[in-house]
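Here's a structure for you.
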Amino acid sequence: MLSPKHVITSAPGKTILFGEHAVVYGKPAIAAAVDKRVYVKIEKREDKKTHVTVEELGVSGFLNLKEELIDYNNGEYKKKNILEYVLKSLIKTNTNDGLEITINMDIPIGAGLGSSAAVTVATIFSLSIYNNINLTKNEIAKLAHQVELEVQGAASPIDTTLSTHGGVIYLSNNANKIIKLDINTEIPIIIGYTSKRGNTGKLVESVRLKVEKYPEIMNPILNSMESITKHACKALINRDHEKIGELMNINYGLLDSIGVSTEELSKMVYSARKAGALGSKVTGAGGGGSIIAYCPEHVDEVISFINKFENAFKINISNEGVRQESK
Ligand code: MEV
């Protein structure tokens, strides 16, 4: 079969509802794919060079696949490392030079919504279609996770699993067991995010040091997080709003106790509750990034309250993971 002239695929970002950090210790977590996506378009270039543009970030550069180098044209340094995920995705799929890759994202970068995983998953899927390679969703998720590990050093498979499969997923046993939860109705979640970014690797490491220093204090906290996630799974399926909110609040207390909240995140967490959220917590690694607020009611009040000092928006769950877009 001839390669198609161009391919466009997209993959969703994610938010962790319960179980971040504990998941690093083999505990379960619940995460949801969100209706904010990354779009990756691949076209042939006649000059045999490989060039990538991430339009919303104003970042672009030529990739040297043989030497694994990036020659940046422009872009702010902090945002440039998104091109490393693209480079590794090309190498992992044994792709040859000669491509123009255009990335569009409606996921805010650094907000803890898994933008790098979404870029990686959609890039790998676009490349597999372009190169006529058949990859199952599990294979895409696995390759994307390897790319994340190579670029970041450490990462659980949560982000890549969600970007690939979509939906609401209960992951356990180090994401070796993934169960798609049958939740078809909307989960009323608001994301609040601060422009201050957390460093996932450093935060995971800081928790690990505490676990080593105070095992008899930290292990019960991680066990409690596990119990929260198990209760939350039932509460989400039963749409028990009060319980979901309450469990988020307990989870937040524990995340704060292990040192991953910040003044900005804490302000958003309590403001959301004050404005009518039933529960709120840090989502993802913390240290900056985002909170989620559970808002079956008072959505507008919560958004406008947080928007006074940070950024907030409502998300919906995306049941669809990575997909090919029509031309
Ligand atoms: C980061 O989004 C979530 C953490 O649990 C780390 C990970 O799972 O890789 C903190």
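The values are calculated or read from the model by the stated rules, or taken from the named source; none is laboratory data. Note that the structure is a prediction, hence the values are computed from the model and not measured. Glycine also receives a Cβ, built like all others from the backbone with ideal geometry; neighbour counts cover every protein chain displayed. Heavy atoms of the whole protein, side chains included, go into the accessibility calculation; ligands, DNA and RNA do not. Shrake-Rupley method; radii C 1.70, N 1.55, O 1.52, S 1.80 Å.
Which of the residues that make up segment 177-216 are of a type in the set (Val, Ile, Thr) and under 21 Å from residue 262 (Cβ atoms)?
Restricting attention to segment 177-216, the residues satisfying the condition of being of a type in the set (Val, Ile, Thr) are 178-179, 183, 185, 187, 189-191, 194, 200, 204, 207, 211.
Answer for segment 177-216, where residues must be of a type in the set (Val, Ile, Thr) and under 21 Å from residue 262 (Cβ atoms): 189, 190, 191, 194, 200, 204, 207, 211.
Name the one entry in 259, 321 that is touching a strand residue (DSSP E or B) at 6+ places or on another chain (Cβ under 8 Å) and not in a helix (DSSP H, G or I). Give the derivation first.
Working: 259 fails: touching a strand residue (DSSP E or B) at 6+ places or on another chain (Cβ under 8 Å).
None of the other options fit; the residue is 321.
Would a scan of segment 18-34 turn up a residue that is exposed (fewer than 14 other Cβ atoms within 10 Å of the Cβ) and within 26 Å of residue 129 (Cα to Cα)?
Taking every residue of segment 18-34 in turn, none turns out to be exposed (fewer than 14 other Cβ atoms within 10 Å of the Cβ) and within 26 Å of residue 129 (Cα to Cα).
Scanning for something touching a helix residue (DSSP H, G or I) at 6+ places or on another chain (Cβ under 8 Å) and within 22 Å of residue 33 (Cβ to Cβ), does segment 205-223 turn up at least one residue?
No, that holds for no residue.
Hey, can you tell me all the residues within segment 81-135 that are charged (D, E, K, R) and within 19 Å of residue 149 (Cβ to Cβ)? Step through it out loud before you land on a result.
Within segment 81-135, the subset charged (D, E, K, R) is 84, 88, 92, 97, 100, 106.
84, 88, 92 - these are the residues of segment 81-135 that are charged (D, E, K, R) and within 19 Å of residue 149 (Cβ to Cβ).
Can you run down the residue pairs with Cβ atoms below 7 Å, 6 or more apart or on separate chains, where the first is in segment 3-25 and more than 10 Å from the ligand (Cβ to nearest atom) and among the hydroxyl-bearing types (Ser, Thr, Tyr) and the partner is open to solvent by 20 Å² or more (accessible area, probe 1.4 Å) and in a strand (DSSP E or B)?
Note: pairs meeting the criteria are 9/323; 9/324; 10/39; 10/323.
While we're here: Check off (1) surrounded by fewer than 19 Cβ atoms within 10 Å (Cβ to Cβ); (2) within 28 Å of residue 295 (Cβ to Cβ) for residue 194 and give me the number that stays unchecked.
Every listed condition holds for residue 194 apart from (1).
I need the full set of residues from segment 171-180 which are within 18 Å of the chain's Cα centre (by Cα) and assigned to a strand (DSSP E or B), in order please.
171, 172, 178, 179, 180
Would you mind stating whether residue 261 is touching a Leu at 6+ places or on another chain (Cβ under 8 Å) and within 16 Å of the ligand (Cβ to nearest atom)?
Values: touching a Leu at 6+ places or on another chain (Cβ under 8 Å): yes; within 16 Å of the ligand (Cβ to nearest atom): yes.
The answer is yes for residue 261.
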